[in-house]
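Asker: Sharing a structure with you now.
The values are calculated or read from the model by the stated rules, or taken from the named source; none is laboratory data. Because the structure is predicted, anything quoted here is derived from the model rather than measured. Reconstructed Cβ throughout: ideal geometry from the backbone, glycine too, with neighbour counts over all protein chains shown.
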Amino acid sequence: MSEEGNSGHGGRNLIILGISASVIAIVTTAVSLNIYRSTGDIFLDRSRPGYIFEDEKHNEEDDQKESFSNEGEVTQKVVDEYLQEFDKINKRITEASDDFSLEAISDDSLGITQDQE
Amino acid sequence: MRYNKPMKKLAFAIAVVSVAASICPLSAFAISEELKGSISTNCSSIKFRLENVQKDDSRNRVHLGAQYESIATNLMMNLNLRLVKNNLANAKLAEQQTTFISERNRFKNDFIGYSQELDALIDMDCRNEPEKFYEQLQLVRTKRADVEKSIKRMDEILAKHRESILDFRKGLKK
């Protein structure tokens, strides 16, 4: 009689455990997604489908080559080397300077026209 | 004393109108019927273009961010460290590094603010609420302009940094 009672409780407890685990998983996932969105990480995460292409991956590998040692003497030649590295990166930055121009979301670019027939 | 009652009524009416006007402005943002029609009709294609802009922005932000990070940590920071180790610490160059990092953080935050508004714009119902959609689009443009300004400021800092390096170079041995 007592064993049957325990078996009944065990089944119920198992269901409660399953439901609790699911609820906790849903809540923590919702909180994580909320943080992911509110911190802005979602807008930088290009692992989302369609956000990164193979050729871009190669370009990113090339981007990280420049560096300058923090050890050693400081001469004009060393500064020239620094400027050489600096200019390489600065060139890429200058090329990307207009990436956030307003033209991309202008009425014309979006196909919003005021002269409809 | 006789005019007290009408005056009170007038004051009450003015107060009611003022409160009502502050609570629900007549038209916060008005656009022409042609514009509304254009947005409603082309809603799908506008959203498609905005989604493409969002993807391009994400790629460009990551690319620019990587360049800024590289300049700040691989170059500026290492140069200033090297100068300190050689007892050649330069206040101007150190200050430029600090300004650059602070402006880079501002750029990050401006981009997040812009992206959130762009995301909200893409989620809006432009077919049935073109007026609201266009109002949000104006906000997105303002936020995007902030990002653009931030990039220009970074460009200026880098140009000044280059000049400072050239000045500093003059005082060094070959």
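Asker: Against the condition at the interface with chain A (Cβ under 7 Å from one of its Cβ atoms), farther than 30 Å from B:ALA120 by Cβ and surrounded by 15 or more Cβ atoms within 10 Å (Cβ to Cβ), how does B:LEU64 come out, does it pass?
Answerer: Criteria not met by B:LEU64.
Asker: Could you pull out the residue among B:LEU158, B:LEU172, B:LEU166 that is part of a helix (DSSP H, G or I), over 17 Å from B:PHE48 (Cα atoms) and at the interface with chain A (Cβ under 7 Å from one of its Cβ atoms)?
Answerer: Result of the check over B:LEU158, B:LEU172, B:LEU166: B:LEU158.
Asker: Next question. Hydrophobic (A, V, I, L, M, F, W, C) and facing chain A (nearest Cβ under 7 Å): is that true of B:LEU93 in this structure?
Answerer: When the stated conditions are applied, B:LEU93 does not pass them.
Asker: Given (1) out of contact with any Leu (no Cβ under 6 Å at 6 or more places or on another chain); (2) more than 30 Å from B:ASN87 (Cβ to Cβ); (3) modelled with pLDDT of 95 or more, where does B:VAL140 come up short, assuming only one miss?
Answerer: In the conditions (1) out of contact with any Leu (no Cβ under 6 Å at 6 or more places or on another chain); (2) more than 30 Å from B:ASN87 (Cβ to Cβ); (3) modelled with pLDDT of 95 or more, B:VAL140 misses (1) alone.
Asker: Still on this model: Residues of region B:139-171 being of a type in the set (S, T, N, Q) and over 12 Å from the mean Cα position of the chain (by Cα), which ones?
Answerer: B:SER164, the sole residue that qualifies.
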